[in-house]
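What follows is a single structure, written as structure tokens, with notes after it.
The values are calculated or read from the model by the stated rules, or taken from the named source; none is laboratory data. Everything numeric here is computed off the predicted structure, so don't read it as measured data. Ideal geometry is used to build each Cβ from the backbone, glycine not excepted, and the neighbour counts take in all protein chains shown. These accessible areas exclude ligands, DNA and RNA; they are computed on the full protein's heavy atoms, side chains included. Shrake-Rupley method; radii C 1.70, N 1.55, O 1.52, S 1.80 Å.
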Amino acid sequence: MNIQKKLILSLGIVLVLACKSYAQEQLSLSDAIQLGLANNFDIQIEALNVEIAKNNNNWGAAGRWPTINFSMSQNNNFRDVQNAANPFQPTGLSISNSLGPGISVSWVLFDGFRVQITRERLQKLQELSMGNAQLIVENTVQAIITQYYFVKLEQERLDVLEKVFTLSKDRYQYIKLKGELGSAVTFDILQEQNAFLTDSSNYVTQEVNYLNARRTLNLLMGQPINNAYELTDSLEIDPTQYDLEVMYDKMVTSNTNLENQFLNLELARTDTRLAKTELYPRLSLNANASYDLSRQDFSQARFPDFGDGGSSTRDLVTTQTTTNYSVGFTVNYLLFDGGRVRRNIENAYTTERISQLQIDQLKLSLRNDLVATYDLYNVRQKLLAISQENIRSSELNLELAEERYKNGTINSFDYRQIQVNYLNTALANAQAKYNMLESETELLRLTGGILNEYENLE
């Protein structure tokens with residue numbers, strides 16, 4: 001056996017040991033979904049977006065409450081007069097200090113019900129954010145379900161290839177033994193060797209596919225990618241008979257995409273009402289209160305002395321306090337702005353119509369997806385039944401062929417063909433079971449019932 005063949009076999013052994021070296025923790029589909037709901041990064045990010053929307057949904061953000069500002073000013077003025085033009089003006093250094101705290105209040109009392117409408121809009125935005133989070137959860141659950149069963153599919157493929165690999169290995173060893181005894185020619189030995197190496201290569205490749213599928217499942221669940229689980233749920237499925245019209249009614253009332261589109265329509269209607277508020281007058285209250293403390297220090301200044309014609313320095317410090325109050329109302333009413341408000345209202349009405357058309361379009365698109373998935377589900381159900389019958393006959397044929405080959409009734413070409421036929425049939429059967437589960441999961445998602453299948457998700 002050459003070096004390349006030895007490398008193939010060695011790699012196969014390494015992958016088998018790597019696959020089986022991890023501790024196998026049992027994991028049901030329900031457990032996988034629970035892990036995903038708790039640890040999936042997309043779900044966590046969307047949950048934080050919902051928190052932001054909830055935080056924004058309050059009367060303060062809508063503008064109901066007044067705005068109160070506090071201000072504080074402090075000034076220091078130094079004035080040094082040496083040659084006063086006015087004989088009555090003091091000369092020298094004079095110091096002035098002032099401290100002025102103030103409070104201003106601004107409160108919009110009426111603006112065409114904008115505050116109430118804005119609060120309704122914030123509520124709709126929160127509901128839309130929650131709807132988007134619900135959509136992320138549904139998509140994540142669907143991805144976990146399909147990936148869980150895809151890992152099972154890859155595992156079944158691996159088991160089939162392992163069985164074929166074992167048969168090829170036994171047959172190769174058997175033909176080698178016959179060659180050593182002189183009852184098999186070199187051509188037969190090389191043929192069996194080639195089949196053995198081909199099956200070894202297929203098995204090694206499938207090992208990699210299985211490990212990659214398992215890592216992807218761990219990623220969806222937010223787990224370390226090298227975690228190894230024993231998936232306890234079977235790939236087997238009991239086909240369910242669905243009524244198309246009943247499913248359509250459920251889809252119209254429960255599909256998350258459609259529910260979010262209805263929320264978008266409500267937001268468009270709210271934006272129209274907001275645009276209309278500019279047609280109303282705006283009444284606002286403004287109130288101000290300020291306190292000013294002033295201090296003047298002339299202790300270092302010189303004042304004219306009218307008694308003896310000279311000047312003298314006097315100690316003089318004065319303080320003064322002033323309190324100011326003001327209350328006023330302001331009314332603003334738009335008389336003309338070149339038709340801007342009217343255009344905004346017309347555009348808002350147009351946006352409403354667009355949203356309604358998008359709902360109609362989405363309904364039709366979802367109806368099309370539902371019918372296509374429903375038909376595909378029924379076709380795959382029939383294909384699964386055919387595949388189940390086919391695999392039973394292929395397994396029986398393989399068992400009989402092995403005995404007939406050892407008895408010399410059939411040659412190695414015929415036996416290899418039966419073996420390949422069994423391989424293709426087994427792989428097709430595993431794929432048919434996965435396809436059924438995938439179509440059923442998509443039907444549940446379209447009708448908004450994918451989470452209702454698991455009562456313990458909440």
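Structure above, values below:
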| read-out | value |
| --- | --- |
| Positive-pole candidate from 355, 387, 323, dipole of the stretch 311-399, charges at beta carbon | 323 |
| Local electrostatic count, residue 240, Cβ distance below 12 Å [Lys/Arg +1, Asp/Glu -1] | -4 |
| Which of 158, 251, 210, positive extreme of dipole for the chain (C-beta unit charges) | 251 |
| Area accessible to solvent at residue 45, 1.4 Å probe radius, in Å² | 100 |
| Stretchable slack from residue 76 to residue 404, in nm (0.36 nm times residue separation minus alpha-carbon distance) | 106.8 nm |
| Relative contact order for the chain, counting Cα pairs under 8 Å that sit 6 or more residues apart, in percent | 23 |
| Student exercise, the chain dipole from Lys, Arg, Asp, Glu Cβ charges, in Debye to nearest 20 | 1220 |
| Folded to 0 to 90 degrees: helix 244-254 orientation relative to the chain principal axis, Cα | 30 |
| Residue-level accessible surface for residue 302, protein heavy atoms, 1.4 Å, Å² | 90 |
| For the stretch 346-352, Karplus couplings with θ = phi - 60° (6.51, -1.76, 1.60), whole Hz, Gly/Pro x | 5, 5, 5, 4, 5, 4, 4 |
| At q = 0.13, 0.14 Å⁻¹, base-10 log of I(q)/I(0) for the stretch 345-393 (Debye sum, equal scatterers on each alpha carbon) | -0.53, -0.56 |
| The chain, accessible surface, carbon-and-sulfur percent (1.4 angstrom probe) | 53 |
| Candidate residues 359, 68: accessible-area rank, largest first, probe 1.4 Å | 68, 359 |
| Probe 1.4 Å, all protein chains present, accessible-area order of 178, 250, largest first | 250, 178 |
| Structure-based [θ]222 nm, the chain - -39500 (n - 2.57) summed over DSSP H runs of at least 4, per residue, nearest 500 | -22500 deg cm²/dmol |
| Mean accessible surface per residue for the chain, computed with a 1.4 Å probe while every protein chain stays in place, in Å² | 57 |
| Dipole of the stretch 379-458 [Lys/Arg +1, Asp/Glu -1 at C-beta], most positive-end residue of 409, 434, 450 | 409 |
| Charge context of residue 280, other residues only, Cβ under 15 angstrom, K/R +1, D/E -1 | +2 |
| Whole-Hz ³J(HN,Hα) from phi, Karplus 6.51 cos²θ - 1.76 cosθ + 1.60, for the stretch 373-385, glycine and proline x | 5, 4, 5, 5, 4, 5, 5, 5, 5, 5, 5, 5, 4 |
| Convex hull of Cα atoms in the chain, direction-averaged projection (nm²) | 43.5 |
| Heavy-atom accessible area ranking, 1.4 Å probe, most first, across 120, 154 | 120, 154 |
| Charged-residue dipole, Cβ positions (Lys, Arg, Asp, Glu), the stretch 122-279 about Cα centre, Debye nearest 20 | 440 |
| Between helix 114-180 and the chain: long-axis angle, C-alpha atoms, 0 to 90°, nearest 10 | 20 |
| Scaled radius of gyration (Cα, divided by 2.2 N^0.38 Å) that the stretch 26-122 gives | 2.48 |
| Accessible-area value, residue 369, 1.4 Å probe, nucleic acids and ligands omitted, Å² | 60 |
